[in-house]
Amino acid sequence: MWQINCIVNFKTPFPIIKNKMLIYSLHPPSPLHLETVIKTMKVLGSPLIHVVDCGEYFQALEGSHRLAACEQLHIIPRLRIYQQEDVISWQNFDLDFMFDHEYLYNNDLNLGGIPKQLPAGELIGMLRLEPIEYNFTKVLEMSH
């Protein structure tokens, strides 16, 4: 696991994969909550989002509303990046409602039977996603 942050000593503080910064959220944002997040982000600035590196894109483990707010405000989020093999605790990300119940049923699991620590890539495969694509490439290019 490593974190991308403005304080880190990198030539550019943001991850660039093939000159792109593509992030998929877990689900679409709700408009009412998004308004609140946008107001907060105008004060606090760029949020930290935990993501899994999936090669050509990042899959967010949280922050669907923060990603949408970043897009609207033209802010690049800070990322804490997990590799697919990094073992993480899914309980840190409020994912209880996101598990694919068909996957759990087919693998004879229930929420209580899911190991608390899982490889990040395996965790992503267990979730029922309704992803929204956020492409921060243009914002990234404008910041150079």
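The values are calculated or read from the model by the stated rules, or taken from the named source; none is laboratory data. From a predicted model like this one, the values you see are computed outputs, not experimental measurements. Every residue, glycine among them, receives a Cβ derived from its backbone with ideal geometry; neighbour counts consider all protein chains shown.
Just to verify a result, which residue in the range 69-90, among those that are more than 11 Å from the chain's Cα centre (by Cα) and more than 30 Å from residue 112 (Cβ to Cβ), is surrounded by the fewest Cβ atoms within 10 Å (Cβ to Cβ)? Break it down into steps so the answer makes sense when it comes.
Pass one, the range 69-90, residues more than 11 Å from the chain's Cα centre (by Cα): 69-76, 83-90.
Cutting the leftovers down to more than 30 Å from residue 112 (Cβ to Cβ) gives us 69-76.
Working: 69: 24, 70: 24, 71: 20, 72: 13, 73: 14, 74: 11, 75: 17, 76: 21.
Among those that are more than 11 Å from the chain's Cα centre (by Cα) and more than 30 Å from residue 112 (Cβ to Cβ), it is 74.
A quick yes/no check of all residues on (1) under 30 Å from residue 43 (Cβ atoms); (2) outside any helix (DSSP H, G or I); (3) out of contact with any strand residue (DSSP E or B) (no Cβ under 6 Å at 6 or more places or on another chain):
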{"position": "75", "(1), (2), (3)": "yes, yes, yes"}
{"position": "81", "(1), (2), (3)": "yes, yes, no"}
{"position": "85", "(1), (2), (3)": "no, yes, no"}
{"position": "92", "(1), (2), (3)": "yes, no, yes"}
{"position": "97", "(1), (2), (3)": "yes, no, yes"}
{"position": "104", "(1), (2), (3)": "no, no, yes"}
{"position": "108", "(1), (2), (3)": "no, yes, yes"}
{"position": "112", "(1), (2), (3)": "no, no, yes"}
{"position": "115", "(1), (2), (3)": "no, yes, yes"}
Of (1) at pLDDT below 85; (2) more than 28 Å from residue 113 (Cα to Cα); (3) buried (at least 18 other Cβ atoms within 10 Å of the Cβ), residue 99 satisfies every one except (2)
When residues of the range 26-59 are limited to those that are over 14 Å from residue 84 (Cβ atoms) and among the small types (Gly, Ala, Ser), the one surrounded by the most Cβ atoms within 10 Å (Cβ to Cβ): 46
Under 7 Å between Cβ atoms, at least 6 apart or on separate chains: pull out the pairs that start in the range 125-139 with a residue that is surrounded by 13 or more Cβ atoms within 10 Å (Cβ to Cβ) and end on any residue that is acidic (Asp, Glu) and outside any strand (DSSP E or B). 126/100; 127/100; 128/100; 134/71
